[in-house]
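First up is the structure itself, then whatever we jot down about it.
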Amino acid sequence: MENKTPGALLTAMRAKPPLVQCITNYVAMNIAANVVLAAGASPAMVHAAEEAGEFAAIAGALTVNIGTLSTQWIDGMHIAARAANAGGKPWVLDPVAHYATGFRRKAVADLLALRPTIIRGNASEIIALAGGESRGQGVDSRDPVEQAEASARLLAERHGAVVAVTGVVDFVTDGTQALRIEGGSPLMPQVTALGCSLTCLTGAFAAAIADDPFAGAVAALATFAVAGEQAAKDAAGPGSFSWRFLDALAALDGPTLDARVRINAA
């Protein structure tokens, strides 16, 4: 695909809606599925070890979120990631609060060893994942994105992955190139699991342009940023913002996305 702008990728994704396997947490399942649907792709919340690998072989992309872990879910994550790798399918890792417990630290280390295509997290998660000291508490980020940029570059080089850090201004790098995406709304962190939903949407864009995960990650973040700004215009609070965000995603088209997105070199 010659034109890799976020708008062109949104149009391409909707023209051939990819099937995205979303192994995500209980809190996020409903809103994540609705976000992927609103954007124009097809979500499948398949996590059981008995079928996760078989499903990953037919999906366009896989996303793995460790928000609500169990041993059984970890088995499914490993099987699915291996199947995605074997089939040449992109997969996205969301290392939710991986620093909180030993169980989570081991889980994310084992998943990193399976070489995710894209890693998406908040600033605290990315800093800690690179071995730095973060101020994260639970799933909440206490660090600004700009302090995570060096960690993101390090992770990208170390793991051969695209790394996306989300916050007030998002940052995406593959270790060589890097961009910042502005937009969104302060209401977004007040809606549970929107970040987890972004991970699933990143998988949809990665499926649409499997040969360029950097462009896919940028397009996903750009889509979220522009839809978030639009939804916030008439929202009275996080409740009305939530449904307005889904409507804004569904209404957003490629030309509008390219006209409104604010992307700068980093």
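The values are calculated or read from the model by the stated rules, or taken from the named source; none is laboratory data. Predicted model only: the values in this text are computed from it and were never measured. Note that we place each Cβ from the backbone using ideal geometry, even for glycine, and neighbour counts take in every protein chain shown.
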Subset of the range 33-64, residues closer than 16 Å to F205 by Cβ and polar (S, T, N, Q), comes to S42, T63
Restricting to the range 31-89, what's the tally of residues that are touching a residue at least 40 places away in the same chain (Cβ under 8 Å), assigned to a loop (DSSP other than H, G, I, E, B) and more than 17 Å from the chain's Cα centre (by Cα)?
1
Under 21 Å from P116 (Cβ atoms) and not acidic (D, E): is that true of A220 in this structure?
yes
Lone qualifier among A235, A227, A208 - being of a type in the set (G, A, S), within 19 Å of the chain's Cα centre (by Cα) and farther than 17 Å from K4 by Cβ
A227
How many residues of the range 161-177 are without any contact (Cβ under 8 Å) to a residue 24 or more places away in the chain and among the β-branched types (V, I, T)? The answer is 1
Over the range 131-163, the set of residues over 18 Å from N65 (Cα atoms), part of a loop (DSSP other than H, G, I, E, B) and modelled with pLDDT under 95 is G131, G132, E133, S134, R135, R142, D143, P144
Inspect all residues belonging to the range 195-218 and state whether any of them is surrounded by 20 or more Cβ atoms within 10 Å (Cβ to Cβ), in contact (Cβ under 8 Å) with a residue 60 or more places away in the chain, touching a Leu at 6+ places or on another chain (Cβ under 7 Å) and in a strand (DSSP E or B).
no
So, in the range 97-113, of the ones that are under 17 Å from the mean Cα position of the chain (by Cα) and modelled with pLDDT under 95, which residue ends up surrounded by the most Cβ atoms within 10 Å (Cβ to Cβ)?
H98
If we ask which residues in the range 104-130 are out of contact with any strand residue (DSSP E or B) (no Cβ under 7 Å at 6 or more places or on another chain) and in a loop (DSSP other than H, G, I, E, B), their number turns out to be 4
I'm trying to understand the selection: among the residues of the range 221-266, which are in contact (Cβ under 8 Å) with a residue 40 or more places away in the chain, loosely packed, with under 14 Cβ neighbours inside 10 Å and not in a helix (DSSP H, G or I)?
G237, D253, R262, N264, A265
Filtered residues of the range 28-58 (kept if crowded, with 16+ Cβ neighbours inside 10 Å and of a type in the set (V, I, T))
I31, V35, V36, V46
